[in-house]
Amino acid sequence: MKADGIGARVTRKEDQRFLTGNGQYTDDITLSHQTYAAFVRSPHAHATINDIDTRAAAAMPGVVAIFTGKDIAATGIGGLPCGWLINNKDGTPMKEPPHHILAVDKARYVGDQVAVVIAETIEQARAAAEAVEVDYGVLPAVADTATASKAKASVHDAAADNVCYVWGHGDAAAVDRAIASAHKVSTLDIVNNRLIPNAIEPRAANAAYDKSSDSYTLYVSNQNPHVERLLMCAFVLGIPEHKVRVVAPDVGGGFGSKIFLYAEETVLVWASKRVGRPIKWTADRMESFLSDAHGRDHVTRVQMAMDGNGKFTGMKVTTTANVGAYLSTFASCVPTILYATLLAGQYATPAIYCEVTAVFTNTSPVDAYRGAGRPEATYVVERIVETAARDMGLDPAEIRRRNFITTFPYATPVGLTYDIGDYHACLEKAVKLADYAGFPARQAEAKARGKLRGIGFSSYIEACGLAPSNVAGALGARAGLFEAGEVRVHPTGKVTVFTGSHSHGQGHETTFAQVVADRLGIPIDDVDIQHGDTGKVLFGMGTYGSRSLAVGGTAIVKAVDKVIAKGKKIAAHLLEAADTDIEFKDGVFRVAGTDKNVPFASVALTAYVPHNYPLDKLEPGLNENAFYDPTNFTYPAGTHICEVEIDPDTGKTEIVKFTAVDDFGNIINPMIVEGQVHGGLAQGIGQALLEGCVYDKESGQLLTATYMDYAMPRADDLPNFTVGTHVTPCTHNPLGVKGCGEAGAIGSPPALINAITHAIGVRDIAMPATPERVWRAIQSRA
Amino acid sequence: MQAFQLHQPNSVASATQQRAGKDDARFLAGGQSLLAAMRLGLNSASELIDLSKIPGLAGIKVDGNGIVIGAMTRHADVAASADVKRLIPALAALAGSIGDRQVRNMGTIGGSIANADPAADYPAAVLGLGATVQTNKRAIAADDFFKGFYETALAEDELITSVRFPVPTKGAYEKFKNPASRFALVGVFVAQTAGGVRVAVTGAAGSVFRVSAIEAALAGNWSAAAAKAVRVSADGLNSDLHASAEYRAHLITVLAARAVAAS
């Protein structure tokens, strides 16, 4: 292994600039003649907009322009698109009510933007925004997921019952037969709590129009700038795509919330031409709480049918998913395609049926958040599996062993084909690392101290590497899901790589450089990774769904291989040998079986100084690009084991040990992978123990709109994690990689809740399992 | 944050003079509550009177059987004070548990008790130890100082100059933190003082308050069991997103018992 090659713990190239304060984020970019925007947001969850009086605001110091929804609608601008069509069980399409970039007749959630004020300074913009007088007619709000479809009020006239779609997946009749003939059926009613993403860097945008070229530049904190441009140009503003450059510079965290095309940046681009000056907006923290797309928010009943040996015979899942006030970019596919297809988990359950009712509510839009559908699926599966073990009197590890899939490829009853995995190996390694055998003694020792100790399992699976475009298209995707990469070899043999993936914490600038350096046999410092700029990168679908390395990395590998193939031809010419006799290893082209060789840098120089060069049959230059469309999803999987100790007097839960054994396929940089696992675990533990987005069910007001009320996980809430890996290389990409970004957030919540319910002897406890909830559960049992 | 006028007086007299008669003026001590409120638009003071340039307002000194802490003394300095740690270790520990490092380096005792945040820590120590609040006008007994939700006995142009804490025989503070804000969901200060047993609770109601039932139980039997046996009524306690009144009432006894055990 090269010291900086594949498999090495290379420290992150990008950290030098981040840790020294030299990162360049959207808000750091100030253009000449800069102006600033502030949005007027609805204080009501549901209200008609009767009138907007901007006269007083317009007269305030520094105000450049004020626009309302009517101003924008008058120019023929439609609304934001939804990127995925989901059909109802009866084949009719989902309801897609318009999502205006500034609300026109009605505001539909607290924070819905109804006007924008543009001024010379941010303070002036905010002061004038407060002076905009909006005459609202307050309407009853719909703010509860479970009861939205029965609410008297309608969020949209086009969906009077607030139902966006009712979607079914799997064989309902087979599942009903399995339930009818089961030895035992375990049932759980569970809620997957709503979360607010909370990236450290709030959303931000800076839009500029250049009159001389009639083109726009948009700097935006975003995970997929090409998709942002495509959606904005083709579906909303009607600006020619080649006239817009979207730059997503350093981005301080996304977790899914920066995948989407939002109203704010779209308004800025639209307004930048009218104002004729660049316009910048950066969300303040409360705006982020109110207007970032939220995550999760499912209400589910799950039933698991079993035979006398605890073998699963059928599973039925009925879910109500809250999509919020409008359909955000991928809102429709998260609780369906990315959810129900994962309900087999690691188990050979022969029949599975899932029905999902998506409901509109007067809350912020809900969309993909770290894991996106897969944490929700894993929570359902791993909670019911643990509950089934308890109902059957089986050890939670044993019931998993009895039901694991062991032969591959394996076609699940919910539409996926797992290419490879070794679920027993991960489980047994986790059992050993967690010292499961020693648990009874630790439990007894804790009891002697008056503490309740519990242990919980979670054997999760996820589908990553999104995705084969044709499969996604058949399932309703309105976009391709390939990735693009370009490898530009400079005359001196240094390399710039352009990737359509985007790094906002993942460490691509290091991992991708390791891959390229390893494959080309050159030092990692000779490789730079460029991303996040439609003006530089040929195309890209961006970063989400743990896809960057499996899809974006593969595109780069394909381009590198093209470089090597061309290099062989150049080397063959220089070495006066046949193309087929040239081999490339450790940065050197060599005539096989001889010591005749030429190094990579010499070949690169020859490509750009083609004096001695086969110009009659080969173009000069050494620059290759590649598109890669995966043939299957990748399937990271693993087992997490959580051990907790609960103080029965206060209900406070302490995580005493958390063990995660994951199979991510081959690992490029173990340090970065461990960091991704740690961060994912922190988010999953945050969901299970601390984070809960709460809307008042009557008024629709967001009650958790600051860090005083929304509990984020902090370092001292977390234990030292015990992490391990087991590797089964992915069978269908050249690196054999699967993806690691979301696993921690997917696997951990059920392990933690299984541990708490084990410790206190209850069937369920709502997330977040706050001290009071745990204390009350203990009281209810006593 | 809106623009404001900043005054930096160099005496208590000129500070109170600048404050007198102005509704929109506020004293600025450590700024850890006021400035955050202004940034959020929850407080629109147009004039701030910075107390940090007034000589003599900060400092800790032993005074007979008590410790006098200047109003502008930062939490970190109280937490680190050898005198406080020796004579009233519970007070040093309480100061060291406030907020985070940045807050403790800026926040002041005078600012904290004048603000009377219902979940602040210092009010529990002031009331639990039976301290005396010294202002530019008078000395106010702890029992007379806290009047309600963000309300104190201070007049508009009255400025705290110091707080005198009598050294107790025993004392301890136990806090159960709100998982989001890390303020006290409930905090309980217990002390054996010359004036008897005192039990003060913060975080649980609109203002810090004493629990006479636990005081009576502990007066007869200073033990965790005695404290834990008391059932505190949930009437009048806060019930919010983070905890019900019933749970807070339960925590009062649990924390009082733990404080006694730790004292």
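The values are calculated or read from the model by the stated rules, or taken from the named source; none is laboratory data. Since this is a predicted model, take the numbers as computed values, not measurements. Cβ: placed from backbone, ideal geometry, glycine included. Neighbour counts: every protein chain shown. Only protein heavy atoms, including side chains, enter the accessible area calculation; ligands, DNA and RNA are left aside. Shrake-Rupley method; radii C 1.70, N 1.55, O 1.52, S 1.80 Å.
Things worth noting here:
- Counting the residues of segment A:710-739 that are among the acidic types (Asp, Glu) and open to solvent by 50 Å² or more (accessible area, probe 1.4 Å) gives 1.
- Restricting attention to segment A:123-165 and to residues that are surrounded by fewer than 18 Cβ atoms within 10 Å (Cβ to Cβ), of a type in the set (Val, Ile, Thr) and not in a loop (DSSP other than H, G, I, E, B), the residue that is nearest to the other protein chains (Cβ to nearest Cβ) turns out to be A:138.
- Scanning segment A:707-722 for residues that are within 14 Å of another protein chain (Cβ to nearest Cβ), assigned to a loop (DSSP other than H, G, I, E, B) and more than 23 Å from the chain's Cα centre (by Cα) gives A:708, A:709.
- Any hit, segment A:110-122, residues being within 14 Å of chain B (Cβ to nearest Cβ), in contact (Cβ under 8 Å) with a residue 40 or more places away in the chain, surrounded by 15 or more Cβ atoms within 10 Å (Cβ to Cβ) and of a type in the set (A, V, I, L, M, F, W, C): yes
- Cβ separations smaller than 6 Å between residues 6+ apart or across chains give the following pairs from segment B:108-129 residues that are open to solvent by less than 10 Å² (accessible area, probe 1.4 Å) to residues that are of a type in the set (S, T, N, Q) and not in a helix (DSSP H, G or I): B:109/B:73; B:116/B:152; B:123/B:202; B:124/B:202.
- Residue list for segment A:639-667, filter: under 21 Å from the mean Cα position of the chain (by Cα) and on the phi > 0 side of the Ramachandran plot: A:665
- When segment A:687-706 is limited to residues that are at the interface with another protein chain (Cβ under 10 Å from one of its Cβ atoms) and open to solvent by less than 10 Å² (accessible area, probe 1.4 Å), the one that is farthest from residue A:774 (Cα to Cα) turns out to be A:704.
- Within segment A:723-782, restricting attention to residues that are in a loop (DSSP other than H, G, I, E, B) and without any contact (Cβ under 8 Å) to a residue 40 or more places away in the chain, the residue that is nearest to residue A:649 (Cα to Cα) is A:782.
- Listing of strands (runs of 3 or more DSSP E) fully contained in segment B:148-263 that carry 3 or more residues being open to solvent by less than 30 Å² (accessible area, probe 1.4 Å) and within 14 Å of chain A (Cβ to nearest Cβ): B:184-193
- Note on segment B:1-83: enclosed strands (runs of 3 or more DSSP E) holding 1 or more residues that are in the same structural domain as residue B:99 (by TED's automatic domain parsing), open to solvent by 60 Å² or more (accessible area, probe 1.4 Å) and within 20 Å of residue B:120 (Cβ to Cβ) are B:25-28.
- Single residue of B:147, B:228, B:177 found to be assigned by TED's automatic domain parsing to the domain that holds residue B:124 and of a type in the set (D, E, K, R): B:147
- Residue in segment A:219-228 that is more than 30 Å from residue A:306 (Cα to Cα), in contact (Cβ under 8 Å) with a residue 24 or more places away in the chain and open to solvent by 20 Å² or more (accessible area, probe 1.4 Å) present: yes
- For segment A:594-611, the candidate set comprises residues that are touching a helix residue (DSSP H, G or I) at 6+ places or on another chain (Cβ under 8 Å) and more than 25 Å from residue A:5 (Cα to Cα); within that set, the residue that is least open to solvent (accessible area, probe 1.4 Å) is A:607.
- Output for segment A:26-63, where each listed residue is within 13 Å of residue A:134 (Cα to Cα) and either crowded, with 18+ Cβ neighbours inside 10 Å or in contact with a helix residue (DSSP H, G or I) (Cβ under 8 Å, 6 or more places away or on another chain) (or both): A:39, A:40, A:41, A:42, A:44, A:47, A:49, A:52, A:54, A:56, A:57
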